[in-house]
Structure formats: structure tokens, C-alpha cells
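**Student:** I have a structure here, written as C-alpha cells, and I will follow up with some questions on it.
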Amino acid sequence: MRYALAVLIALAACTGTVGDAPTGDAAIVDSTAVVPPIPSGCIDNVATGDHTYSCGGLRVDARIPAACQAPGCGLVLVLHGDTGTGLLMDAHVKMRELGAQHGYVVIAPTGPPYGGSQPGSTWSSANDVTLVEMVRTFASVFRVDPKKIHVTGFSRGAFVTWRLLCDHADLFASAAPAGAGNGQSFGEPTCFTQGRAPARKIPIVFLMGRTDVSVGYSSLTTIRDAAIANYAATGPANQTGDAAYRHDRWTGAGGAVIETFDHGYETVANGPFGSARGHCIPGSTTDPFAAQYAIPCKLPNAFVWGDEVMRFFRDHPMP
């Protein structure tokens, strides 16, 4: 009897407790004990690290954390704005670095060419189906937790984010649009207008620049107010802030959560995107004088948008 008990204790010490992996932050993975993902579709390399794939005719830059060789990671879709690329957008929010820290596969596709004499790429509603198929493919191959799939985008990419959260609330656990609002004056179908609303009250964190020239503050407040009304949310409850920004939260029944980061930061006035003013990304450490996609807010900023996005995603898995 004592021998049997000793064996059981030894086995327990060796194996530990079996549970979902990873549970949040990226875990150390014993590669000899894990059945690796199997390549499928456009994903021809499943090794840990950075990869460039071609999915649905789009370039997709991805980072696969070591923890995601095992099932249970999350997934984040990152969408650039006009004249950007997947890699340029990720440089502003550092979602690949954050994903590696916290156990998320991060995919940053690049849209069709912007055209004319402008560099970089853009998006239209015609790309939405491809993006959703892309997310489902990565989720399947890397066996991600279906409750931890999220989307974020800036500017044109945020118009896409509004559409995706509106039309695919069954797929995305939460969403983080930045610098894009009501799209009627831009020919962009978004959400919370013309009878469009998500099938469930998907949690939203929203970046709003008070002096945004590219989209306009009124466009941002219009969609914010429409979302609050649709969710029957109450607030705002101020979380943090100072003279330059406010972080507010509205909540409602059924898990409804809307957070906003409403800021007065602007691009560098004499930089290539100086005229965009509040159409910028707080906390970005990229070169404000770069030849392409120079959209960081002039530092210092009191918060880092990329960090806040990851915090929100981690706090809001699918119910």
C-alpha cells in the first residue's frame, strides 16, 4: 500500500495538473511533448518565429510564438490604414511582440495596392471575406482557443474592423478600432447605422483623436454614441486621464463593454503626416519623419495604444 501511494505521489509530481495551455501569458513549451500544428492551405510553415505567407492573394506577415506549438493560444488580426502595410502597422502597435509575450498568434496582412503615386496598400469591403477566411485558416492550423480571437485596425483598417465586429461577432471575441468611425461620408459601410449591429454585444475599445483631420472627430463620436445606444450601456465611468486624454468605460447587460481613449495628441507638425493632426497612434515609437506611414503621435504620450489593445483583448475573451 505504501509503495502504491509513493508511486502515485511520484507520478503527480512529474505530470502536474493538466489544463488549457496557455492560460494567458505565453508558457514554456516542451517541444518533445507537443504534437505540432499541421500545415494546411496557405500556411506552409508552422515553425515558431516570423513568417510571410500568401493567403487569398494577400501578403500576410505572422509571428508564431513557441507557446502556440500547443493548442490554446489566442489570435489577433492587425489591419493597417491607407498607404500602410502589415509590417508598418505592427511597428506602431507592436502586436507581434505583445502576442509572443502573452500567447497570441498575430497576423498582419497587407491589402491591395493603394494606387496612383502613393505607396503602400488599402482595403475595401471586397476584402472582408478573404480576411475572415484567413483568420479561420490560422485558427484551425494553430488550434487557437476560439474564445480568444480578436481584431484591431487603424484608419481604413478600422473601418474594416467595425465591419468585422458587426458581421462576425460569432468569430471575434472583442475588437479595437482606432481612428475611424461612421463611414457614410467615406462610402464605407461600418456598424450601428442603417439597421446594422452585431449579433451580440461584442466588447469594443476605441481610439479617438479630438483633432483628427483625416476622418473627423464628429465621425468618431457618431459611431461611439450609436454603439452606446445599441448596447443600452450606461456611463461613462472615467478610468484614467489628464488634460490630454480620457479613458472612459460604458457597461450594460449581457457583458456589454465599450471603452474609449479620447486624446488630444497629434502627429509631428512638420512631418509628412503633419496635416493629419489627431489621426495618430499614441505610444508609437516609430520615426515621425519616415517616408511612409509616419503616423505616430508626437511623444510623450500618457498611454501606449498597442499595450491597451492587448490588455483589453486579454480581459475580454468570448463568453
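**Student:** Give the residue, chosen from 234, 260, that is surrounded by fewer than 18 Cβ atoms within 10 Å (Cβ to Cβ), β-branched (Val, Ile, Thr) and under 29 Å from residue 173 (Cα atoms).
**Tutor:** 234
**Student:** Looking at 253, 227 in this structure, which one is farther than 23 Å from residue 304 by Cβ, under 23 Å from the mean Cα position of the chain (by Cα) and at pLDDT 95 or above?
**Tutor:** Sole residue among the options that is farther than 23 Å from residue 304 by Cβ, under 23 Å from the mean Cα position of the chain (by Cα) and at pLDDT 95 or above: 227.
**Student:** With 199, 173 as the choices, which residue is surrounded by fewer than 24 Cβ atoms within 10 Å (Cβ to Cβ) and under 15 Å from the mean Cα position of the chain (by Cα)?
**Tutor:** Matching residue, one of 199, 173: 173.
**Student:** Any residue in the stretch 171-195 that's under 24 Å from residue 310 (Cα atoms): show its pairings with residues that are among the hydroxyl-bearing types (Ser, Thr, Tyr) and part of a strand (DSSP E or B) at Cβ separation under 9 Å, as long as the two are six or more apart or on different chains.
**Tutor:** 175/152; 176/152; 177/152; 178/152
**Student:** What pairs come up if the first residue lies in the stretch 87-116 and is closer than 20 Å to residue 128 by Cα and in contact (Cβ under 8 Å) with a residue 40 or more places away in the chain, the second is of a type in the set (A, V, I, L, M) and in a loop (DSSP other than H, G, I, E, B), and their beta carbons are under 7 Å apart, counting only those six or more places apart or on different chains?
**Tutor:** Once the first residue is closer than 20 Å to residue 128 by Cα and in contact (Cβ under 8 Å) with a residue 40 or more places away in the chain and sits in the stretch 87-116, its partners that are of a type in the set (A, V, I, L, M) and in a loop (DSSP other than H, G, I, E, B) give 105/144.
Okay, residues lined up against (1) small (Gly, Ala, Ser); (2) under 23 Å from residue 192 (Cα atoms); (3) out of contact with any Ser or Thr (no Cβ under 6 Å at 6 or more places or on another chain):
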residue: 65; (1), (2), (3): no, no, yes
residue: 85; (1), (2), (3): no, no, no
residue: 94; (1), (2), (3): no, no, yes
residue: 106; (1), (2), (3): no, no, yes
residue: 109; (1), (2), (3): no, no, yes
residue: 116; (1), (2), (3): yes, no, yes
residue: 147; (1), (2), (3): no, no, yes
residue: 170; (1), (2), (3): no, yes, yes
residue: 178; (1), (2), (3): yes, yes, yes
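**Student:** If I filter the stretch 131-168 down to residues being aromatic (Phe, Trp, Tyr) and within 18 Å of residue 313 (Cβ to Cβ), which single residue comes out as surrounded by the fewest Cβ atoms within 10 Å (Cβ to Cβ)?
**Tutor:** Among them, the one singled out is 142.
**Student:** Considering only residues of the stretch 266-284 that are in a loop (DSSP other than H, G, I, E, B) and among the β-branched types (Val, Ile, Thr), which is surrounded by the most Cβ atoms within 10 Å (Cβ to Cβ)?
**Tutor:** 267
The values are calculated or read from the model by the stated rules, or taken from the named source; none is laboratory data. Just so you know, these numbers come straight off a predicted model, no measurement behind them. All Cβ positions, even for glycine, are placed from backbone atoms using ideal geometry, and neighbour counts span all protein chains on display.
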